[in-house]
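Take a look at the structure set out below.
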């Protein structure tokens, strides 16, 4: 069994480590966001939404070109 003082020290260490983990993750998030904003403003970054829509359209066209022809009957 731990004495009262040892329990307080252990609790303080756990709080300190939890706080450091929170600060490290928050710092990483802020640095990543700042870098992303800088890159987006200063470099020609493609709009990912447009790129994905174009790729999805190409995939659908490819799928349609390789589909087997149906004779109009429903096979359910």
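Just a few scattered comments:
- Distance in nm between pseudo-label sites at residue 13 and residue 60 (7 Å out along the Cβ direction from Cα): 6.0
- Expected 222 nm ellipticity per residue - DSSP helices of 4 or more, -39500 (n - 2.57), all of the chain, to 500: -27500 deg cm²/dmol
- The chain - Kirkwood radius from inverse mean 1/r over Cα pairs (Å): 18.9
- Computed from Cα positions, the angle between helix 4-42 and the longest principal axis of the chain comes to roughly 40 degrees.
- Calculated FRET efficiency, residue 28 to residue 51, Cβ-Cβ distance, R0 = 30 Å: about 0.70 to the nearest 0.05.
All of the numbers you see were taken from the coordinates with simple rules; none came from a lab. Everything numeric here is computed off the predicted structure, so don't read it as measured data. Note that each Cβ is placed from the backbone with ideal geometry, even for glycine, and that neighbours are counted across all protein chains shown.
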